[in-house]
């Protein structure tokens, strides 16, 4: 596999000698620590970078001066963290205000950067996190503080633009596919009890995860039978018609729904909007679409229905992660360090897929400002005409990303997942 | 490991020469097909048993004369079925009426037994299924038809009496433990977003699966922090107090709840009772305890809460099944054949645990009538004084049952699970 990087660009700017900071942000994925370890391990190879600090809980760790000295960790610890689910440094969803709203946070961040001589800033996260990285990059420039800021893509949702796909997604897709495959076999053997299963995936605005469940299907009778996407306006009547049709043909119905289905008017089909259920970025927290549709099917079709909600398991199931995904999560972390040293500050690492039958990829970069707060949706032509399943193009796109299994050391029947001790936070300077 | 069986008993009764029938009933488990394959493979070793028929969908296959000739399947097919989730023959929840209510079904069953010269009847299932097997045994005796009926224990719930534990449970427990372990790591890295996770396990009346989630915990901060059992009357005020206490101590709360929590008066805390939501055995189908408790926590404690509902994935997750569980599922199938030939008709195979530090077990038998429709609950002393976690005795009991991993052949990133084709049903005689 060719893994060369486009490192042309501004080589005239002097590479600053100094320390680096790495942080993780947003919802973790099974492979988020791969990227972290890659940053640490790659950084150690470059003399320009001296100390390696980790910020606890994303940008908040920098604001609160909660740092961990990652050079002090044993190599074996760093290596073991690679297969630990959750964000080893801790994560956050804190939203930095824009400079015009308030420069307070930025002044604090740059002040701490100065104090620790932080010259390299690596931020592992999704589109909200790229907004954070972008704002830090802009603030540093504005305050004339030389800081090389690189975003490292991570999101189970796969909704980052400018990259073919995003580390974290492949493992989520693989875990959902096996869950649908196994639960589908279970459903088909239940002759006279449950008839309908609704599995709810993550995906507020994009159906990448929901669509990936189609990987479980090898024949017409195989689950899933129907998939519903946030990209396609949801009609309850059409839904009922679809369910009836599959039921009459196959005798059971396995439905996958993305958590964020919207009606023709763009309103969420079933959103709970209350005080605690909106995140820091103002996104409504959606829960209950599967329960809602279960009630609809039971009352309108009188078919006994069960719901499955893997929820954060699809973001943390290291025990069935994709090896390709893990390798790519490492790759983007490693490339981030190279890009920082190559004068690509203000960029996020991207993955480009090369054309051809055999899956090949290489990395590149994109300006953070182009990625922040945007969303890549499933192309309409990758969803079938009826809007209730994926096309072959979708399958061809996602299949390479779930390949390979990860060896997890199991002790007494369960893995031993390492963590960084919270007490390792450094005393404030 | 000693795996000898108590085969003393009525050896005077002549072993009938004839054909056998095997069926699967109730909710499948990840390892239910192990028992099926054991019956087929062991049967082939005994000359007394000629044809081997499988009934489609449990007792319904016998009533409808939907039989499969299992001798016609290749050995390699039978062997591959061992790791396929779902019930390979199909399952049912059909309840036979008592003889006094109606003897119609029994007359039909015995008539078909005569027609196919069925002399051995193996029924793989849980306590409801043992009721079916028991009734068939009694009807055969009443109708003076010599039929050796043996029940083969299977239930993810682990609620069968007279057996130390039940095949299917270990794999469910292992899958739930890894899910809690991984989701727990995810939760602890979310600094400023979700604070509470509620994972809902199966278990209408017994907390075996919920309690097993405790295997995920190795230190105080590890998930799960609280577990609630159907065996302990549920108090909402106590629950809120528990959640608050953990939150103040650890900063996040991972709660496991069994689907069937009851209040002091014995009423389900949150049961939906409508026409489609009661199964054939009259058990109310419970859904929504986790959603209900989420709402309670969000409104009373203002803590953002997510729910996880693995549902039937805990019954079908072959990709992380327990090897010990698989071996035992095979063992009880094999012993069933030996017991049928040993004149133990009217019994279910049981597993006895030998005393001592190292886990050893042997099989035995119990009268079907003693197992049918009963339920083994978690002993009070295996739940802590506060009623919100297990004790060491519970852990010592369950840990041996989740040991060992199963090798699943993975092709292109996902397993290839075999199925018996539906079209293989024999023409009626």
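The values are calculated or read from the model by the stated rules, or taken from the named source; none is laboratory data. All values derive from a computational prediction rather than experimental measurement. Don't worry about glycine lacking a Cβ; one is built from the backbone with ideal geometry, like all the others, and counts go over all protein chains shown.
Restricting B:219, B:162, B:193 to those that are assigned to a loop (DSSP other than H, G, I, E, B), under 30 Å from residue A:317 (Cα atoms) and in contact (Cβ under 8 Å) with a residue 60 or more places away in the chain reduces the list to B:193. Quick one: would you say residue A:8 is in a loop (DSSP other than H, G, I, E, B), modelled with pLDDT under 95 and assigned by TED's automatic domain parsing to the domain that holds residue A:117? Answer is no for this residue. Count of region B:179-211 residues, restricted to those that are buried (at least 24 other Cβ atoms within 10 Å of the Cβ), more than 9 Å from chain A (Cβ to nearest Cβ) and out of contact with any strand residue (DSSP E or B) (no Cβ under 8 Å at 6 or more places or on another chain), is 1. More than 17 Å from the chain's Cα centre (by Cα), surrounded by fewer than 24 Cβ atoms within 10 Å (Cβ to Cβ), more than 9 Å from every other protein chain (Cβ to nearest Cβ) and more than 23 Å from residue A:292 (Cα to Cα): is that true of residue A:241 in this structure? Taking the combined requirement at face value, the residue does not satisfy it. In region B:278-382, counting only helices (runs of 4 or more DSSP H) that sit wholly within it, the ones holding 1 or more residues that are within 8 Å of chain A (Cβ to nearest Cβ) and touching a strand residue (DSSP E or B) at 6+ places or on another chain (Cβ under 7 Å) span B:289-301, B:313-316.
Within region B:383-425, the set of residues being closer than 26 Å to residue B:37 by Cα, exposed (fewer than 14 other Cβ atoms within 10 Å of the Cβ) and either touching a strand residue (DSSP E or B) at 6+ places or on another chain (Cβ under 7 Å) or away from chain A (no Cβ under 14 Å) (or both) comprises just one member, B:409. The helices (runs of 4 or more DSSP H) found wholly in region B:14-99 and carrying at least 3 residues that are within 14 Å of chain A (Cβ to nearest Cβ) and either within 20 Å of the chain's Cα centre (by Cα) or surrounded by 24 or more Cβ atoms within 10 Å (Cβ to Cβ) (or both) occupy B:32-43, B:59-63. Filtered by the rule that a residue be over 26 Å from residue B:235 (Cβ atoms) and modelled with pLDDT under 95, region B:372-404 gives B:372, B:373, B:374. Restricting attention to region B:251-267, does a residue exist that is closer than 22 Å to residue B:204 by Cβ, modelled with pLDDT under 90 and surrounded by 15 or more Cβ atoms within 10 Å (Cβ to Cβ)? No; the residues of region B:251-267 include none that is closer than 22 Å to residue B:204 by Cβ, modelled with pLDDT under 90 and surrounded by 15 or more Cβ atoms within 10 Å (Cβ to Cβ). For region A:113-135, the count of residues that are surrounded by fewer than 24 Cβ atoms within 10 Å (Cβ to Cβ), more than 20 Å from residue A:25 (Cα to Cα) and without any contact (Cβ under 8 Å) to a residue 40 or more places away in the chain is at least one.
Checking region B:171-184 against the condition returns no match, with no residue being in contact (Cβ under 8 Å) with a residue 40 or more places away in the chain and in a loop (DSSP other than H, G, I, E, B).
Taking region A:136-154 as the range and being at positive phi and either touching a residue at least 24 places away in the same chain (Cβ under 8 Å) or not assigned by TED's automatic domain parsing to the domain that holds residue A:57 (or both) as the test, no residue passes. Just one of the listed residues (B:386, B:367, B:392, B:412) is over 28 Å from residue B:116 (Cα atoms), out of contact with any helix residue (DSSP H, G or I) (no Cβ under 6 Å at 6 or more places or on another chain) and in the same structural domain as residue B:161 (by TED's automatic domain parsing), namely B:412.
In the condition set (1) surrounded by fewer than 19 Cβ atoms within 10 Å (Cβ to Cβ); (2) modelled with pLDDT of 95 or more, residue A:336 is compliant with all but (1). Within region B:375-396, the set of residues being in contact (Cβ under 8 Å) with a residue 24 or more places away in the chain and under 27 Å from residue B:327 (Cβ atoms) comprises B:375, B:376, B:377, B:378, B:382, B:390, B:394, B:395. Any residue at all in region B:147-158 that is within 11 Å of chain A (Cβ to nearest Cβ), surrounded by 24 or more Cβ atoms within 10 Å (Cβ to Cβ) and assigned to a helix (DSSP H, G or I)? No, region B:147-158 contains no residue that is within 11 Å of chain A (Cβ to nearest Cβ), surrounded by 24 or more Cβ atoms within 10 Å (Cβ to Cβ) and assigned to a helix (DSSP H, G or I). Restricting attention to region A:268-277, the residues being outside any helix (DSSP H, G or I), at pLDDT below 55 and touching a helix residue (DSSP H, G or I) at 6+ places or on another chain (Cβ under 8 Å) number 1. Within region A:159-178, can one find any residue that is more than 15 Å from the chain's Cα centre (by Cα), within 14 Å of chain B (Cβ to nearest Cβ) and closer than 30 Å to residue B:64 by Cβ? Checking region A:159-178: not a single residue is more than 15 Å from the chain's Cα centre (by Cα), within 14 Å of chain B (Cβ to nearest Cβ) and closer than 30 Å to residue B:64 by Cβ. Inside region B:46-70, residues that are without any contact (Cβ under 8 Å) to a residue 40 or more places away in the chain and touching a helix residue (DSSP H, G or I) at 6+ places or on another chain (Cβ under 8 Å) make up a count of 2.
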